[in-house]
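**Student:** Got a structure for you, questions after.
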Amino acid sequence: MTSFCEYLPELFADFGPVVMRRMFGGTGIYHQGTLFAFVMDDVLYLRGDERSAEYFLSRGLSRFEYARGGKKILLSYYRAPDEVLDDPSEAAVWARRSWESGRRSVAARAGGKKRRRQGD
């Protein structure tokens, strides 16, 4: 784990405890079992959704993307604003927003599975 990743639990301390896990060449950041952020090449990305995307887009923050099979794949994670990296209280605000996006995503997937089972 890089020194940048080692710093993040301290940065997010005002938000609450986080767990760091290696994933796909990067590091996932979890709070209460929900993935809300990850680090790739020492860049922090925060989870967004239709409710929170405007916070990122209004600041011109890009979505995480990668290429697979000659196609560009965009994930629902956006580069963190610079102020998050310097201010634990800002980090807590953005982490909570991203964690809530993650919780909504988990709830939506769980709801879809229940509907499919009922419709079998």
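The values are calculated or read from the model by the stated rules, or taken from the named source; none is laboratory data. Keep in mind it's a predicted model, so treat the numbers as computed, not measured. In this analysis, Cβ positions are derived from the backbone assuming ideal geometry, glycine residues included, and neighbour counts consider all displayed protein chains. In case anyone asks, the SASA skips ligands and DNA or RNA and just uses the protein heavy atoms, side chains included. Shrake-Rupley method; radii C 1.70, N 1.55, O 1.52, S 1.80 Å.
**Student:** Looking at the range 15-67, which of its residues are of a type in the set (Asp, Glu) and within 13 Å of SER98 (Cα to Cα)?
**Tutor:** Selection gives ASP49, GLU50, GLU54.
**Student:** From (1) modelled with pLDDT of 95 or more; (2) farther than 22 Å from MET1 by Cα, pick out the condition that doesn't hold for LEU75.
**Tutor:** (1)
**Student:** Is at least one residue of the range 50-67 out of contact with any Pro (no Cβ under 6 Å at 6 or more places or on another chain), within 21 Å of TYR7 (Cβ to Cβ) and not hydrophobic (A, V, I, L, M, F, W, C)?
**Tutor:** So far as the range 50-67 goes, no, none of its residues is out of contact with any Pro (no Cβ under 6 Å at 6 or more places or on another chain), within 21 Å of TYR7 (Cβ to Cβ) and not hydrophobic (A, V, I, L, M, F, W, C).
**Student:** May I ask you to list the residues in the range 78-97 that are small (Gly, Ala, Ser) and open to solvent by less than 10 Å² (accessible area, probe 1.4 Å)?
**Tutor:** ALA80, ALA91, ALA95
**Student:** Also, I was wondering about something else. Would you call ARG97 farther than 26 Å from CYS5 by Cβ and touching a residue at least 40 places away in the same chain (Cβ under 8 Å)?
**Tutor:** Taking the combined requirement at face value, the residue does not satisfy it.
**Student:** Another one. Spot the failing condition for THR34; the list is (1) polar (S, T, N, Q); (2) in contact with a helix residue (DSSP H, G or I) (Cβ under 8 Å, 6 or more places away or on another chain); (3) open to solvent by 30 Å² or more (accessible area, probe 1.4 Å), and only one is missed.
**Tutor:** (3)
**Student:** With the structure loaded, tell me whether ARG103 is out of contact with any Ser or Thr (no Cβ under 6 Å at 6 or more places or on another chain) and open to solvent by 60 Å² or more (accessible area, probe 1.4 Å) or whether it fails that test.
**Tutor:** No, not satisfied.
**Student:** Sticking with this one: For GLU83, state whether it is at pLDDT below 95 and more than 20 Å from LEU35 (Cβ to Cβ). Before you say what the answer is, go through the steps one by one.
**Tutor:** Numbers: at pLDDT below 95: yes; more than 20 Å from LEU35 (Cβ to Cβ): yes.
So GLU83 passes the test.
**Student:** Ok, one more. Could you tell me whether GLY60 is within 17 Å of GLU83 (Cβ to Cβ) and modelled with pLDDT of 95 or more? Walk me through how you get there before you give the answer.
**Tutor:** Values: within 17 Å of GLU83 (Cβ to Cβ): yes; modelled with pLDDT of 95 or more: yes.
Yes, satisfied.
**Student:** Go through the range 106-120 residue by residue and tally those that are modelled with pLDDT under 60 and open to solvent by 100 Å² or more (accessible area, probe 1.4 Å). Write out each step before concluding.
**Tutor:** As a first pass, look at the range 106-120 and keep what is modelled with pLDDT under 60: 114-120.
Cutting the leftovers down to open to solvent by 100 Å² or more (accessible area, probe 1.4 Å) gives us 114-118, 120.
Final tally of qualifying residues: 6.
**Student:** So, one more: Residue under question is VAL18, and the condition is that it be β-branched (Val, Ile, Thr) and either touching a residue at least 60 places away in the same chain (Cβ under 8 Å) or open to solvent by 20 Å² or more (accessible area, probe 1.4 Å) (or both); does it hold? Walk me through it before giving the result.
**Tutor:** On the way: β-branched (Val, Ile, Thr): yes; either touching a residue at least 60 places away in the same chain (Cβ under 8 Å) or open to solvent by 20 Å² or more (accessible area, probe 1.4 Å) (or both): yes.
Spelling it out, VAL18 is indeed β-branched (Val, Ile, Thr) and either touching a residue at least 60 places away in the same chain (Cβ under 8 Å) or open to solvent by 20 Å² or more (accessible area, probe 1.4 Å) (or both).
**Student:** Can you tell me how many residues in the range 1-15 are in a helix (DSSP H, G or I) and open to solvent by less than 60 Å² (accessible area, probe 1.4 Å)?
**Tutor:** Going through the range 1-15, the residues in a helix (DSSP H, G or I) turn out to be 3-11.
Restricting the remaining residues to those that are open to solvent by less than 60 Å² (accessible area, probe 1.4 Å) gives 4-5, 8-9, 11.
So the count comes out to 5.
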